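What follows is a set of notes on a single structure, which appears directly below.
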Amino acid sequence: MRAVIFGSSGLLGRSVLRAFGDTAVTGTGFSRAVGGLVRVDATSADDIDRLLGRHRPDVVVNCVGERRPEVWEGAPAQALGRNVDAARLIARGVHRCGARLLHISSDYVFDGTAPPYRPDSLPNPLNAYGRWKLLAERAVRAACPDAVILRLPVLYGPAQFAAETNLTVIARQVGAGARVELDDVCVRYPTHADEAAEVCRRIAGALWHGQCRGSVVHWSAEQGFAKFQTALLIARRFGLSAGHIHAGETDAASGDRPVDCRLDCQDLPAGLRPVRRRLFSAEFPPVVEPWLAPARPALSRREEP
Ligand SMILES: NC(=O)c1ccc[n+]([C@@H]2O[C@H](COP(=O)([O-])OP(=O)(O)OC[C@H]3O[C@@H](n4cnc5c(N)ncnc54)[C@H](OP(=O)(O)O)[C@@H]3O)[C@@H](O)[C@H]2O)c1
């Protein structure tokens, strides 16, 4: 199986590239196209067609996107291009070259009022990011009817910069020691990027064998936490003071953040089970530790459970 992973320099794409390590795989990047990644602008049909023509993949995974609120609020045209135009152009290119496509989407296509959400539940996004992810899903389905759309919740994993994941942003706030109010209403299901990548790899294999074409698949960790609870977990695990962290409802009160988008994963296609579940409580410490710096306690305190 030959694979192309668009967006291999990002949080999920790095994990997906590793998960495909034993196949003939080509990864792409854009601003971070380093270490063997091919630089491709996914908002350019020419770039996409050139890459697909050169590598002739059997399977393509699209991990290109823009999920950071500071970008979709501050530079909406750019975020629209990365989330919607890129999805449409990649889907067209993949369909033309006869490969199979796995497109990554998000639980933000739902409004969070009636969890759990099944793959056939009615989407009703509350904000621009959710609307773009839904537009992208529809564009992918129109251009490449056989594509699999995989919806994921918030991801975490080794970050290259603090703003790369919600978890590392919270870790920074815990470590900084300055008063902060964190939402205690909206529940998220942080899922390790490597676990999501393993699901991607299995779907790609199934697609290659002619299975699960044209489906929508949900994958999510089972444990849910609000940001405030996550901060307390971090503080407790590293023996840090939590006195500066206060419970609030900023996200819920904004009206544009879904309260609970728990994804129902019961309908995982046969052949994709079992994927090793990673427990958040066991996996988060090495991910957050590098981002706690300012308030890092003495080593002996960090040893505490
Ligand atoms: N992270 C999450 O919590 C989460 C949750 C649910 C769903 N998702 C979805 O999962 C997918 C991957 O998310 P992620 O968190 O891994 O994103 P990310 O870390 O921000 O990575 C985005 C990737 O897209 C690439 N990219 C951006 N603009 C591009 C362009 N014009 N042309 C080509 N590539 C471009 C980036 O390349 P450079 O960095 O090299 O510029 C990077 O490889 C997205 O569809 C996202 O919506 C993410």
- Toy charge model, Lys and Arg Cβ at +1, Asp and Glu Cβ at -1: the chain dipole around Cα centroid in debye, rounded to 20, equals 780
- Task: Calculate, in nm to one decimal, what residue 75 and residue 49 gain on full extension: separation in residues at 0.36 nm each, minus their alpha carbon distance.
- Result: 6.7 nm
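For a test of the definition: using alpha carbon positions, the gyration tensor, and the 1.5 limit on a/c, classify the chain as rounded, prolate or oblate.
On the way: a/c = 1.77, a/b = 1.60, b/c = 1.11.
Prolate shape, in that a/c is at least 1.5 and a/b is the bigger ratio.
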- Query: Taking 0.36 nm per residue of separation and subtracting the Cα-Cα distance, what length does fully extending residue 236 through residue 277 add?
  - Reply: 12.4 nm
- Note on the structure: Simple SL model, points at 7 angstrom along Cα→Cβ for residue 247 and residue 267; separation in nm is 3.5
- Could you work out the helix-only [θ] at 222 nm for the chain, with each DSSP H run of four or more residues adding -39,500 (n - 2.57) and the total divided by the number of residues, to the nearest 500 deg cm²/dmol? -11000 deg cm²/dmol
- Query: With each label point set 7 Å from Cα along the Cα-Cβ vector, what nm distance links residue 163 and residue 178?
  - Reply: 1.5
- Inter-centroid distance (Cα atoms) of segment 122-179 relative to segment 194-244, Å: 11
- Query: Residue by residue through segment 159-169, which ³J(HN,Hα) values in whole Hz follow from phi under the Karplus form 6.51 cos²θ - 1.76 cosθ + 1.60 (θ = phi - 60°), with glycine and proline marked x?
  - Reply: 9, 8, 8, 4, 6, 5, 9, 4, 5, 6, 5
- What is the set of long-range amide H partners of residue 27 at a cut-off below 5 Å, with H atoms built 1.01 Å from backbone N? 5, 38
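FRET efficiency for residue 256 and residue 229, Cβ-Cβ distance as r, R0 = 22 Å, nearest 0.05? Present the calculation step by step, with values, prior to reporting the outcome.
Values: r = 21 Å, r/R0 = 0.97.
The formula returns an efficiency of 0.55 here.
Is the C-alpha gyration tensor of segment 1-151 telling us rounded, prolate or oblate? Criteria: a/c under 1.5 is rounded; beyond that, a/b larger than b/c is prolate, otherwise oblate. Before the final figure, lay out each step's value.
Details: a/c = 1.70, a/b = 1.46, b/c = 1.17.
Verdict is prolate for segment 1-151.
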- Item | Projected label distance in nm at residue 22 and residue 142, using a 7 Å step from Cα toward the beta-carbon | 4.0
- Note on the structure: Using the Kirkwood radius over Cα pairs of segment 178-301, the Stokes-Einstein translational diffusion coefficient at 4 °C and 1.567 mPa s, in µm²/s and rounded to a whole number, is 77
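All of the numbers you see were taken from the coordinates with simple rules; none came from a lab. What you are looking at is a predicted structure, and each value in this text was computed from that prediction instead of being measured. As a convention, Cβ positions derive from the backbone with ideal geometry for all residues, glycine included, and neighbour counts pool all protein chains shown.
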